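Following: one structure in structure tokens, then a few remarks.
The values are calculated or read from the model by the stated rules, or taken from the named source; none is laboratory data. Note that this is a predicted model, so its numbers are computed, not measured. With ideal geometry, Cβ positions are generated from the backbone for all residues, glycine too; neighbour counts draw on all protein chains shown. Quick note on the areas: whole protein, heavy atoms, side chains included, nothing else; ligands and nucleic acids left out. Shrake-Rupley method; radii C 1.70, N 1.55, O 1.52, S 1.80 Å.
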Amino acid sequence: MSSSPVIDVHAHASETKALAAWSTREYEVSEYGELGGVRYGTLDGDLDDLESAMARDGIAHAIVVNCFSVDEWRNRSLTGPEQQVEFEGSLAEGLFAFNRWLVEAVANRSSITPFVAMDPWVATADAMGRHLEEMQIAGALGVKVHPVDQRFVPSDPRANRLFRRCAELELPVISHSGPAKGTVAFAEPAVFGALLTAVPHLRLVIAHLGGAAWTQASALAADFSSIAFDCSEIVAWLGAPNAPSAAELVALIRDIGVDRVMFGSDFPWYDPGPMADVVRHLPTLSEGERAAILGENAARFLELRVSGMPGHLHQEPEVDRRIRHKASR
Ligand SMILES: [Zn+2]
């Protein structure tokens, strides 16, 4: 077994346990088809739960991605007082407050790095760009989008302006990827090609290896050598009708390049330990390849400084890295 530190590049956390439990129930994963024995998460999913899961499961570092959905935010107000999150005014203010909550809440949690939400529908590109700058100064290392839940196609001009801003700010973007219900392919791997042609300097991470649209991932990887992938969620569904088998997943990872696939858990839907175990037990990968997927690729691609990570200035606190990063731009 690899002793190299494990980095989880795709975890979620909510403001409260009640809200976490509610939002996890609201978001049902069905794209892979029916499968028995899926190892779902065991915790509600606030930041304390994430830290307990990390300590229990031996995860050295996690990225919390803020997923903002207009529908979810409107529904929050319908589901009882514990779901009320205070913000004044428009949904833009709700998104901004959500992001400010995350960066403040993890400021003293040295093993968690925040990726903040952006949404092309709730604020102008200028306002969203200013907010992203504010968040970057406050400690955000990247951005998360969910084109399906947020109802935008990545190549839409409105979205393009925001992605261009991310590229200018050198903020990597993790995007949900997978098929959507209905006829529009909001987030299948193939649709990211137009975005990457328009914004070639974007440091993009395609989540879930494309989910149930995983067969499109290799072609996108071949066309755009600068992007990376995370294997969150899909590793929980190996063998399902619309998911790869373990052998097919390894073939996909090799096709894309072992150095371009990063481990993610999609906590709290799944716990990081059992998901890392899936990676540890994938057939034919060498110890070095497992260590790359479980942490080294993330440290390199996302420039994370994680204690104990070989080949990095690992004594350097992450906050210093951010300041230096800002100063060197
Ligand atoms: Zn996710």
Completion exercise
With criteria (1) small (G, A, S); (2) touching a residue at least 40 places away in the same chain (Cβ under 8 Å); (3) closer than 23 Å to S177 by Cα, S307 comes up short on (3)
Handout entry: Subset of the range 1-38 [more than 16 Å from the ligand (Cβ to nearest atom), open to solvent by 30 Å² or more (accessible area, probe 1.4 Å) and of a type outside the set (G, A, S)]
Key = M1, E15, T16, K17, E34, L35
Exercise for the section: Kindly provide the set of residues from the range 187-215 that are assigned to a loop (DSSP other than H, G, I, E, B) and out of contact with any Lys or Arg (no Cβ under 7 Å at 6 or more places or on another chain), ordered by number. Expected result: E188, P200, H201, L202, R203
Handout entry: Long-range neighbours under 7 Å by Cβ, at least six apart or interchain, first residue within 9 Å of the ligand (Cβ to nearest atom) within the range 263-277, second open to solvent by 10 Å² or more (accessible area, probe 1.4 Å) and not in a loop (DSSP other than H, G, I, E, B)
Key = W269/T24
Exercise for the section: Output the residues belonging to the range 167-183 that are open to solvent by 10 Å² or more (accessible area, probe 1.4 Å) and either in contact (Cβ under 8 Å) with a residue 40 or more places away in the chain or not in a loop (DSSP other than H, G, I, E, B) (or both). Expected result: A167, E168, E170, P179
Practice task
Could you tell me which of the residues F229, F186 is surrounded by 24 or more Cβ atoms within 10 Å (Cβ to Cβ) and either of a type in the set (S, T, N, Q) or at pLDDT 95 or above (or both)?
Solution key: F229
Problem - Residue in the range 57-91 that is nearest to T124 (Cα to Cα), counting only those that are assigned to a helix (DSSP H, G or I) and more than 21 Å from the chain's Cα centre (by Cα) - result: L91
Problem - Verdict on A60 being in contact with a strand residue (DSSP E or B) (Cβ under 9 Å, 6 or more places away or on another chain), more than 19 Å from W22 (Cα to Cα) and open to solvent by 20 Å² or more (accessible area, probe 1.4 Å) - result: yes
Exercise for the section: Could you tell me whether M135 is of a type outside the set (D, E, K, R), buried (at least 23 other Cβ atoms within 10 Å of the Cβ), over 29 Å from L249 (Cβ atoms) and within 16 Å of the ligand (Cβ to nearest atom)? Expected result: no
Problem - the range 22-56, residues that are hydrophobic (A, V, I, L, M, F, W, C), part of a helix (DSSP H, G or I) and under 19 Å from the mean Cα position of the chain (by Cα) - result: L47, L50, A53, M54
Exercise for the section: Sort through E93, E88, E104 and tell me the only one that's among the acidic types (D, E), within 19 Å of L171 (Cα to Cα) and open to solvent by 70 Å² or more (accessible area, probe 1.4 Å). Expected result: E104
Problem - Unmet criterion (only one of (1) surrounded by 23 or more Cβ atoms within 10 Å (Cβ to Cβ); (2) closer than 20 Å to L202 by Cα; (3) of a type in the set (F, W, Y); (4) away from the ligand (no atom under 16 Å from the Cβ)) for F152 - result: (1)
Practice task
Pairs only if they're at least six apart or on different chains, beta carbon under 8 angstrom, first in the range 223-246 and within 22 Å of D8 (Cβ to Cβ), second polar (S, T, N, Q); list them, first residue then second.
Solution key: A228/N297; S232/S265; L238/S245
Practice task
Examine the range 190-205 for a residue that is within 16 Å of the ligand (Cβ to nearest atom) and crowded, with 17+ Cβ neighbours inside 10 Å, and state whether such a residue exists.
Solution key: yes
Problem - Filter result for D49 (more than 16 Å from the ligand (Cβ to nearest atom), of a type in the set (D, E), surrounded by 14 or more Cβ atoms within 10 Å (Cβ to Cβ) and in contact (Cβ under 8 Å) with a residue 60 or more places away in the chain) - result: no
Practice task
State yes or no: is A221 open to solvent by less than 30 Å² (accessible area, probe 1.4 Å) and either of a type in the set (K, R) or away from the ligand (no atom under 16 Å from the Cβ) (or both)?
Solution key: yes
Problem - Long-range neighbours under 8 Å by Cβ, at least six apart or interchain, first residue closer than 13 Å to F115 by Cα within the range 126-146, second within 16 Å of the ligand (Cβ to nearest atom) and open to solvent by 20 Å² or more (accessible area, probe 1.4 Å) - result: K144/C67; H146/C67
